[in-house]
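Please read the structure below before turning to the comments.
Read-outs throughout are calculated quantities, based only on the coordinates presented, and are distinct from any laboratory measurement. The structure presented is a predicted model; accordingly, all values stated were derived computationally and were not measured. Glycine gets a Cβ as well: all are built from the backbone with ideal geometry, and neighbour counts include every protein chain shown.
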Amino acid sequence: MLNKDKANSLEFNVSIVQDLATTNFSNLNYSSQFLPVPMPTISCTQKFLISSTNQLFYFDAASSIIENQKFTLCYYFKWDLSINPLIWEKAPNSYISKSNIFSDFYNAPYHLIVLYAFLILFARKIMDLANRDGKLNFQLIIIVGLTAQVYCITYDSGSFSYQNILCLSYCPTGNLQSFTTSTAMFIQDSVSGNVHVGHDSSGFTGFLWKLNIYNSNGLHLSDWRTVGCTSPCTKCSNNLSCPSDCPLNKYIYGSSCLDCMASCDKGCVSSDTCNLCKTKECATCEAFTGTDSCSTCITNAVSDGNGGCTCNTNAFWVSLTQSCEKCDVICSNCLKTAYFECSTCTGSYQLVGNVCLNGCPYEFGGSCLPVTTPVINNSFNIDFQGYYGILTTGTSSSSFQFFNTPESVDPIPAYMRGLYFDGSAYLLSSASILLYHSFSIGLWLYVTASGDILEKQTRLILSSSGVAAIMEDPTQAAASKTLSLGATLADWNYLSVTFAYLSGSTTITIYVNNVIASTLPVSKYIYRDLASTNLMIGKSSSSGFKGFINSFQLWNAPISSFSSYIIAVCGSGHACLWSCDLSHFWSGSSYISCNSCIKGCVRAGNCNICEDSLCLICTGFGSGKCTQCVSNASFIGTYCQCNSGYYWNDINESCELCDISCKSCASANWYDCLTCYSGYYMVLGICSSSCPSGYISSSGVCAFSHEKIFDLNLNTLNGIVYDDASLIPVITGSTKQFYPDYEADDPIPAYLRGFYFNGESSILRMPECSTYTLPKLVIAPAFTISIWLNIETADSAIFSKHNISDNYSTVYYISLIAGKPTISLLISSSAFFYMSQTSLNNYEWSHIVFTLEMNRAII
């Protein structure tokens, strides 16, 4: 018989006995003890049982139930002599015994076997027998999938009739409207062969709730109820339990059908497990229900002492894996909610937010509570220093760029860009920084060559191509987890990475400009930072990147938005970050090369990175940052200025001596004076002892008055001639005596030709000590002299001035040499001589012009 104890586990084997489906009762050999004519009364001595539970057995077209031992169903037919006592030859208690069994027929979809009042219908379907009011009426229920058909059968004069009613109710009394007659016969069965429920390719799909077989015909109402059933059922089995309509992928919860997990392809009894035992920690059990039904427990589970199982003290139930998973090995007391959730820790580990860590994370405070604001927030765009909070430049904070004996590993401050890292430069935390299991890092950077940007002592490396971290599983085994950026960083970008721990798993996310670039869920792993380790920015122990970092932020918390830290890249007005390498600077309209300035520049032709060019040492790029001026310069307020008598040389980047005539100057040239010593007057950048003609003296400065300062017209007979521009007196000869009483050195007036000079003694004077010398003729540093003349000799003096106080040194001297106009000038302390390449013709009128434009003479 079927093993009742194995019913719930679906471990069935059936031995097929002889198939007697086509055996005719009339062909049997009857003993002399009976005749097969009267109606037999059938008594059941054995039953074929399937254990009834609240869960139906489900069959698909390939599944079956097989019993592992041979068995025989014995039908004992007791002949009732009260029906027809005359036909019996032997004692009234004679019996006929035949070994019978139902079996799967392969030659007909529905096969009817009738043994007088005993009826079996079996056609790879499910059957039930029913009798109403003790009459020979039977109900056959054939379930195909979820559709039920009812066949009502009645006995009449040696034959049976049946009608397909398509209902789930008892057969009505009275005559059937239509019927089919089948000749009665016996089923002849044997102990050989296998019994199947379902099994072959045409097997049914659906649930099998119950299967009873009796060794007697009859209604067996104890197995069929219409009253007392659990709502909403209108029919139920003898224990009043109601077969559920829930499909296989749902489970019964009260009066509802709830979803199983997607992985439960064999059904479930609760939402978090595919195990069909009541206690999910059971490996094997004897029934769906009952706390005492566990036979064995799953791995990492132990007996709960009440016949069930529970995860052990350092394990918890994980629905995803359908198992008891071990908690973190450094938990001394597991909370049983996630892999790393603890209430106490082992050894020196510290409990922080239900997780055991290597200490209290950086800046969590005395109570060791998480904070959501940045624990490090540095901008590198203003000051030059060896430390930025906890971060120091290179190996020591006492050495840094530019002015404190910098080391080769010190990053270089870059105006409007931050700090420049050349692949070997770095910032290093001056103390250990312990990261939380959930943290975020953000950098506003400009990558010019790829490499590692940040390292947490091999535990964590952030590069221009992604992030790599050493993480731990619950056994404390370390594994490297990497996440690629998936993009190339060009120009300025805000690069950020977040590690977010939640319920035993960590999610790593990389953002570029506040947009997710890539993400990696890491189940059963946590980032557990090491104590006493430093943070390095700019490089790792094996590689460094080239480029700029403008700012750096660190949160010991997961951050999902970095929008407030994004800075616009340069556009019009350049009030932002420069998008150029260290070798260039922004001129206001374009990027210009710094030429030979290997550490960058902020202006053309000057490698000094201080805002004040005269500043020798400054603490930053901004104004008022100078702490020491260059040599020969002093502070005027917060800015440096060359001392009196010195000027700033852009090429040499130093304050150098002015010309001796200048109190202050713009260059070493005598004509670049800015101020003059007392007693001198500033005119056109030159310090002069007096103001030139056409200028007016005002507060030590010669102010320009008029352009033409001397207009001498010699068409006259007067011994004193006044020019028409400034009324400067000009004396003929030695005195004002003139025509007709000429002096030996007087020129001779000639009508419409001016004065005639004899080349030997003729002269016009504007003597310094004469009574008629005011106003005096003083030529300005920039001048033009225009002369009309008609020469008769090729070599002659024309117009000159000599300094009496300086041993009659020449101030200017205009003459002819071989007929070529020449000029000699005393410019500053040096003499200047120029000769025209053009010769004047004798006895012809010529117009010559001499022009001095500050530092150059033009004829």
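Search the structure for amide H atoms under 5 Å from the amide H of Gly504, placed 1.01 Å from N in the peptide plane, and list their residues when 5 or more places away or on another chain.
Tyr339, Phe340
Could you list the square roots of 5 times each eigenvalue of the Cα gyration tensor of the range 439-516, that is, the equivalent ellipsoid semi-axes, sorted largest first and rounded to whole Å? Numbers along the way, then the final one.
Details: eigenvalues 117, 38, 17 Å².
In descending order, the three semi-axes are 24, 14, 9 Å.
Compactness ratio of the range 474-620: Cα Rg over 2.2 N^0.38 Å, N = residue count?
Working: Rg = 20.3 Å, N = 147, 2.2 N^0.38 = 14.7 Å.
Here the Cα radius of gyration is 1.39 times the empirical estimate.
So what is the diffusion coefficient of the range 266-404 in µm² per second by Stokes-Einstein at 20 °C and 1.002 mPa s, using a Kirkwood Rh over Cα pairs? Before the final figure, lay out the partial values.
Details: Rh = 19.3 Å.
Roughly 111 µm²/s, to the nearest whole number.
Regarding the range 774-816, what are the three Cα extents along the principal axes, ordered largest first, in Å?
34, 23, 21
Quick check: Cα centre of the range 392-432 to Cα centre of the range 467-519, how many Å?
27 Å
Please compute the modelled spin-label separation between Ser430 and Glu656, points set 7 Å along Cα→Cβ, answer in nm with one decimal.
4.3 nm
Can you list the residues, at least 5 places off or on another chain, whose amide H is less than 5 Å from the amide H of Leu577, using H built in the peptide plane?
HN-HN under 5 Å from Leu577: Cys570.
Hey, can you grab everything whose amide H is under 5 Å from the amide H of Tyr647? Only 5+ residues off in sequence or another chain; H modelled, so Pro and N-termini drop out.
Under 5 Å from the amide H of Tyr647 lie the amide H atoms of Glu656, Leu657, Cys658, each far enough along the sequence or on another chain.
So for Ile412, Ile787, fewest C-beta neighbours within 10 Å to most, what's the order?
Working: Ile412 22, Ile787 14.
The order, fewest Cβ neighbours first, is Ile787, Ile412.
What's the center-to-center distance, using Cα atoms, between the range 643-673 and the range 675-738 in Å?
Here the answer is 29 Å between Cα centres.
For the peptides 619-628, 462-471, what is the packing order when you average, over each peptide's residues, the other Cβ atoms within 10 Å and list the highest mean first? Before the final figure, lay out each step's value.
On the way: 619-628: 15.1, 462-471: 21.1.
Top of the packing list down: 462-471, 619-628.
Restricting the calculation to Cα positions, tell me the Rg (one decimal) and the Dmax (whole number) of the range 662-704 in Å.
9.4, 27
Kirkwood hydrodynamic radius for the range 604-647: how many Å is it when counted over pairs of different Cα atoms?
10.5 Å
Just flag the GluC sites (Glu not before Pro) in the range 712-781 sitting in loop per DSSP whose Cβ has no more than 10 other Cβ atoms within 10 Å. Walk me through the intermediate numbers first.
Working: sites: Glu743, Glu760, Glu768; in loops: Glu743, Glu760, Glu768.
Those satisfying the criteria are Glu760.
First select every other residue whose beta carbon is under 15 angstrom from the beta carbon of Cys246; then total the charges, Lys and Arg +1, Asp and Glu -1. If you can, show how the numbers build up before the last one.
Numbers: positive: Lys250, Lys266; negative: Asp245, Asp259.
Every neighbour counted, the sum reads 0.
Which values, in whole Å and largest first, are the semi-axes of the equivalent ellipsoid of the range 250-310 obtained as the square root of 5 times each eigenvalue of the Cα gyration tensor?
Numbers: eigenvalues 91, 32, 14 Å².
Listed largest to smallest, the semi-axes of the range 250-310 are 21, 13, 9 Å.
Ranking Cys691, Cys331, Cys274 by Cβ neighbours within 10 Å, fewest first, what do you get?
Values: Cys691 20, Cys331 25, Cys274 17.
Ascending Cβ contact count within 10 Å gives the list Cys274, Cys691, Cys331.
Give me the compactness ratio for the range 720-858, meaning the Cα radius of gyration over 2.2 N^0.38 Å. If you can, show how the numbers build up before the last one.
Details: Rg = 15.6 Å, N = 139, 2.2 N^0.38 = 14.3 Å.
The range 720-858 yields a ratio of 1.09.
Counting only other residues whose beta carbon sits under 10 Å from that of Cys257, what net charge do I get with K and R as +1, D and E as -1?
Details: positive: Lys250; negative: Asp245, Asp259.
Summing Lys and Arg as +1 and Asp and Glu as -1 gives -1.
Could you put Arg603, Arg528 in order, starting from the residue whose Cβ has the fewest other Cβ atoms within 10 Å?
In increasing order of surrounding Cβ atoms, one gets Arg603, Arg528.
With θ set to phi - 60° and the Karplus curve 6.51 cos²θ - 1.76 cosθ + 1.60, what are the ³J(HN,Hα) couplings of the range 279-287 in order, to the nearest whole Hz, using x for Gly and Pro?
Each residue's phi maps through the Karplus curve to give 8, 5, 7, 6, 8, 9, 8, 9, 7 Hz.
Karplus couplings for the range 658-668 from phi (6.51 cos²θ - 1.76 cosθ + 1.60, θ = phi - 60°), rounded to Hz, Gly and Pro as x?
Values, residue by residue: 6, 4, 4, 7, 9, 7, 9, 8, 9, 7, 6 Hz.
Sort largest first and round to whole Å: the equivalent ellipsoid semi-axes of the range 726-765, each the square root of five times a Cα gyration tensor eigenvalue. Intermediate results must be reported in sequence, preceding the final value.
Values: eigenvalues 45, 34, 22 Å².
The three semi-axes for the range 726-765 are 15, 13, 10 Å.
Output ³J(HN,Hα) for the range 685-695: one whole-Hz value per residue in order, computed from phi by the Karplus curve 6.51 cos²θ - 1.76 cosθ + 1.60 with θ = phi - 60°, and x for Gly and Pro.
x, 10, 8, 10, 6, 8, 7, x, 4, x, 10
Using a cut-off of 14 Å between beta-carbons, work out the net charge of the residues near Tyr756 (Lys and Arg +1, Asp and Glu -1, Tyr756 not included).
Details: positive: Arg753; negative: Asp745, Asp746, Glu760, Glu792.
Combined, the nearby Lys, Arg, Asp and Glu give -3.
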